[in-house]
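The values are calculated or read from the model by the stated rules, or taken from the named source; none is laboratory data. These numbers come from a predicted model, not from an experiment. Glycine gets a Cβ as well: all are built from the backbone with ideal geometry, and neighbour counts include every protein chain shown. Note: areas computed on protein heavy atoms with side chains; ligands, DNA, RNA excluded. Shrake-Rupley method; radii C 1.70, N 1.55, O 1.52, S 1.80 Å.
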Amino acid sequence: MLYEAERQQIVDACLAMVEKGLVVGTAGNVSIRVGDHVVISPSAVPYEEMTAEDVAVVDMGGTQIEGKYKPSSECPLHLSVYANTEAGAITHNHAPASTALGLVVEGEIPLSHYYSALFGGSIRVAPYSTFGTEQLAKDVTAALQGRSGALMSNHGAITVGPNLDKALDMLPYLEYVCEIQLRALATGLPIKTLSDDEMAQARAGMSGYTKKSAADSK
């Protein structure tokens, strides 16, 4: 079986998202780029029943090479991100806080917490387009330029990384940033934000942490 190890990683990551409460049903998808191929979770297969053999393998043009089932409906999104960024893996989820915040925030999440620095700066919110469309792929790819995470309006969230462990590790941080922003908004009080200089200091302070995390998760 082609890319057996990577396909098992996809299964394990999908189960991890279920355990963390980051997906509902078969919502969400995960992929890994391997050279000119992409290993991606299948469409509409319950995560608890998924096997490595079920996971799809496609080329960069979207042609399926292996897998019992067709790839995720968001395959165009994954291919677009890989074609236009240095991402090695992608996770997409419909976690409650990040999905909810994508309903009320336009453009980007205000810099209310220094964890935004983990994602390269302000976390952008891509405009809504129907799932699986080229327009959605284009808009989310743009939101991810220079970033390792983004929200998708009225939809969910996405993280990328040099490998699947790193992309998956970023999900709880993204959900945390969204959760505290929602709680702050609920107070109705002005929300304090960080300046560009303060964010630059945060990025510098966490640069060793993020490099270490990426190295450790390879």
Read through the list (1) open to solvent by 50 Å² or more (accessible area, probe 1.4 Å); (2) in contact with a strand residue (DSSP E or B) (Cβ under 6 Å, 6 or more places away or on another chain); (3) closer than 22 Å to A126 by Cβ, then give the number of the only condition that P96 fails. (2)
Given the criteria open to solvent by less than 10 Å² (accessible area, probe 1.4 Å), closer than 19 Å to A83 by Cα and out of contact with any Lys or Arg (no Cβ under 6 Å at 6 or more places or on another chain), does T159 qualify? yes
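Looking at segment 111-131, which of its residues are outside any strand (DSSP E or B) and under 19 Å from A87 (Cα atoms)?
S116, A117, L118, F119, G120, G121, S122, I123
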Look through segment 23-44, keep the residues that are of a type in the set (A, V, I, L, M, F, W, C) and closer than 23 Å to S98 by Cβ, and return whichever of them is surrounded by the fewest Cβ atoms within 10 Å (Cβ to Cβ). A44
Pairs please, first residue from segment 1-30 and within 12 Å of A52 (Cα to Cα) and β-branched (V, I, T), second anywhere and crowded, with 17+ Cβ neighbours inside 10 Å and modelled with pLDDT of 90 or more, Cβ atoms under 7 Å, 6+ apart in sequence or on different chains. I10/V30; I10/I32; I10/V39; I10/S41; I10/V55; V11/M50; V11/A52; V11/V55
Within the group H113, H94, which residue is in contact with a Gly (Cβ under 8 Å, 6 or more places away or on another chain) and in contact (Cβ under 8 Å) with a residue 40 or more places away in the chain? H94
When you scan segment 167-200, how many residues do you find that are within 22 Å of P76 (Cα to Cα) and open to solvent by 20 Å² or more (accessible area, probe 1.4 Å)? 1
If you go through segment 110-130 one residue at a time, how many are under 26 Å from S73 (Cβ atoms) and either of a type in the set (D, E) or surrounded by 18 or more Cβ atoms within 10 Å (Cβ to Cβ) (or both)? 6
